[in-house]
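Here the structure comes first, spelled out in structure tokens, and everything after it is commentary.
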Amino acid sequence: MIECKYYKNNVSLIQVRNLHGLLIGISNSSEILVTTKGCQSRSDQHANYSDFGLKSTRELEDTHWNGCI
């Protein structure tokens, strides 16, 4: 499952745990959370411990869509 967060603040540990908890009972599943702001340090620690993917990306700008549509 991939979940994307477009928040003003860093993703919190609670948000990471909530996504992980949704999929903990599903075998052969992977979690990836993508954010434009980053994550709190405890979120990173939890993700590393539970083999959870956290990715940060830059904010999209209108110019990124040139030639795509």
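The values are calculated or read from the model by the stated rules, or taken from the named source; none is laboratory data. For clarity, every value in this text was computed on a predicted model and none was experimentally measured. For neighbour counting, all protein chains shown are included, and Cβ atoms are generated from backbone atoms with ideal geometry for every residue, glycine included.
Couple of notes before you dig in:
- Scanning region 1-37 for residues that are over 15 Å from G53 (Cβ atoms) and in contact (Cβ under 8 Å) with a residue 12 or more places away in the chain returns Y6, Y7, K8, N9, N10, S12, L13, T36, K37.
- So N10, is it in contact with a Gly (Cβ under 6 Å, 6 or more places away or on another chain) and either polar (S, T, N, Q) or surrounded by 15 or more Cβ atoms within 10 Å (Cβ to Cβ) (or both): yes
- Entirely in the chain, the strands (runs of 3 or more DSSP E) that have 3 or more residues that are modelled with pLDDT under 80: 53-56
- In region 13-56, residue farthest from the chain's Cα centre (by Cα) [restricted to those that are of a type in the set (S, T, Y) and surrounded by 11 or more Cβ atoms within 10 Å (Cβ to Cβ)]: S50
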